[in-house]
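Here the structure comes first, spelled out in structure tokens, and everything after it is commentary.
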2 protein chains.
Amino acid sequence: MNTTTRPVKLERPILSVDVVLLGIYRGSLSVVLYTRDKEPYKGARALPGVAVRTDETLEAAAIRALKERIGDPASNERVYLDQLAAFDGLHRDPRGRTVSIAYIGLIQADTAARYEKFREPAANIREGDLPFDHHLILRTAITRVKGKLRYTNIAKAFLPEYFRIEALQEVYEAFLGHSLNRSNFRNKLLKIKLIEQTDVLQEAVGKKGGRPPHLYRFTQDGVYAQDRDFV
Amino acid sequence: MNTTTRPVKLERPILSVDVVLLGIYRGSLSVVLYTRDKEPYKGARALPGVAVRTDETLEAAAIRALKERIGDPASNERVYLDQLAAFDGLHRDPRGRTVSIAYIGLIQADTAARYEKFREPAANIREGDLPFDHHLILRTAITRVKGKLRYTNIAKAFLPEYFRIEALQEVYEAFLGHSLNRSNFRNKLLKIKLIEQTDVLQEAVGKKGGRPPHLYRFTQDGVYAQDRDFV
DNA sequence: GCAAAAGTGTTGTGACTACACCCATGG
DNA sequence: CCATGGGTGTAGTCACAACACTTTTGC
């Protein structure tokens with residue numbers, strides 16, 4: 001680790017990462033924020049982020065951001081991480097020119113549930129509620145995930161290995177922003193073999209009634225519509 | 001411009017941009033490279049790139065990279081520029097930790113034709129032909145454009161305002177890597193209103209014969225399948 | 001029995017594929 | 001009149017949306 005002082009031109013932007021950590025909580029899309037304890041924007045709720053070190057990859061920096069800003073809950077879980085984009089407005093950070101590489105992080109419902117103090121329904125967050133350009137980053141992240149739901153098995157990241165098919169539908173509905181036809185949803189996802197039925201039945205815990213559902217899981221072959229033909 | 005010397009921690013990655021400049025030349029996909037005149041990899045053909053300054057956006061740096069590395073031909077033309085991704089391998093640059101934001105640049109056929117010394121058919125470039133991780137960047141760029149052809153009017157960037165419908169088909173075929181049915185291609189693009197027929201006829205220049213084609217142009221409404229429903 | 005939730009089946013509509021065919025021009 | 005490339009039409013197949021119906025549970 002080289003921390004010696006020596007002449008250096010200051011013509012270099014600072015590089016940081018910010019993480020948009022998303023999960024479905026009680027059927028609606030939530031984002032995990034933390035409260036800043038330093039200036040600028042001290043006291044504001046913001047996306048977890050850190051400056052990138054020379055000896056770590058961007059993804060490693062993203063994981064560190066989660067550890068340092070949010071702490072325990074995520075560190076033991078596997079978090080799906082995906083690079084989103086670089087945000088580079090000249091004045092996005094009052095401390096000086098900073099380019100941020102944003103990452104999308106996706107967590108399971110039960111993990112999301114444990115982020116008591118951090119989680120926030122995404123729908124409640126309006127332009128101006130977040131510092132820096134974090135609102136733009138958040139919107140971009142949601143749009144990206146929405147797009148990926150169409151042609152990848154990205155929804156897998158929100159669910160445990162075995163899940164009710166309705167829980168999956170809730171994921172889709174939370175992102176697409178409207179309700180879907182139950183039986184068509186089911187028929188389609190089974191036909192394209194994105195998911196498959198298992199012979200496991202859900203044990204009834206706190207259910208009011210109704211037929212106990214089979215549990216489903218994602219099939220192996222991930223991306224499915226990527227290579228569909230155009231004409 | 002602050003270039004004074006003063007104590008600074010060296011724990012910051014360098015930030016650069018690289019541009020994958022693509023065009024269709026004689027029906028096949030070409031990429032614009034330049035010959036490096038400095039170490040490392042002096043003499044090698046590489047993607048044009050520069051280190052980012054604090055007072056310029058990433059896109060501005062991408063434009064500067066084209067100017068400084070390739071020079072005139074592109075500077076007068078409008079180049080479609082789109083951010084691709086950040087490439088961040090710890091050892092991708094032997095000079096030290098450098099994170100590169102890659103941009104995709106798309107140019108028209110006639111512009112591509114003028115890049116005599118720079119252009120290279122993408123199909124000829126194999127793993128190991130390019131320095132740094134430029135081969136990975138190139139592949140990623142092509143995959144991205146291929147995807148965008150499906151649901152945006154990105155092909156517009158490769159063509160002049162008025163074009164033969166067959167020239168458009170060549171763009172699609174160059175990226176998709178296989179030939180398409182002529183009449184289905186035509187019917188589909190017209191039905192989804194990505195393009196429209198004009199009453200301009202192509203004047204016969206060096207044509208061997210055949211019915212003179214109408215010229216077409218892209219309609220206003222750009223992206224078209226983005227909000228198509230999933231189920 | 002009734003409500004609730006899971007799961008199956010049907011039917012009309014519309015899109016896509018693979019062709020075959022017609023049109024207009026140069027030589 | 002023929003080769004060449006542009007442009008139109010059609011029939012079979014398949015996917016999708018909407019909706020009705022059946023099954024299995026809790027109370």
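The values are calculated or read from the model by the stated rules, or taken from the named source; none is laboratory data. All values derive from a computational prediction rather than experimental measurement. All Cβ positions, glycine included, derive from the backbone under ideal geometry; neighbour counts span all protein chains shown. Just the protein is used for accessible areas: all its heavy atoms, side chains included, with ligands, DNA and RNA removed. Shrake-Rupley method; radii C 1.70, N 1.55, O 1.52, S 1.80 Å.
Miscellaneous remarks
- Condition met for B:Pro212 (part of a loop (DSSP other than H, G, I, E, B) and more than 14 Å from DNA strand D (Cβ to nearest atom)): no
- Total residues in region B:159-184, condition in a helix (DSSP H, G or I), near DNA strand D (Cβ under 10 Å from one of its atoms) and either open to solvent by 60 Å² or more (accessible area, probe 1.4 Å) or under 23 Å from B:Ile107 (Cβ atoms) (or both): 6
- Single unsatisfied condition, A:Arg164 versus (1) under 19 Å from A:Ser28 (Cβ atoms); (2) more than 12 Å from chain B (Cβ to nearest Cβ); (3) more than 13 Å from DNA strand C (Cβ to nearest atom): (3)
- Considering the conditions (1) closer than 23 Å to B:Arg45 by Cβ; (2) of a type in the set (A, V, I, L, M, F, W, C); (3) within 16 Å of DNA strand C (Cβ to nearest atom), B:Leu176 is excluded by exactly one of them, (1).
- Cβ-Cβ under 6 Å pairs, at least 6 apart or on other chains, region B:13-33 side farther than 23 Å from B:Ala113 by Cβ, far side of a type in the set (D, E, K, R) and open to solvent by 10 Å² or more (accessible area, probe 1.4 Å): B:Pro13/B:Arg97
- Matching residues, region A:109-124, being closer than 15 Å to A:Tyr34 by Cβ, at pLDDT 80 or above and open to solvent by 10 Å² or more (accessible area, probe 1.4 Å): A:Arg114, A:Arg119, A:Glu120
- Answer from A:Leu58, A:Leu66 - the residue that is aliphatic (A, V, I, L, M), at pLDDT below 95 and open to solvent by less than 40 Å² (accessible area, probe 1.4 Å): A:Leu66
- Subset tally (residues that are within 11 Å of DNA strand D (Cβ to nearest atom), modelled with pLDDT of 75 or more and away from every other protein chain (no Cβ under 14 Å)) for region A:188-209: 2
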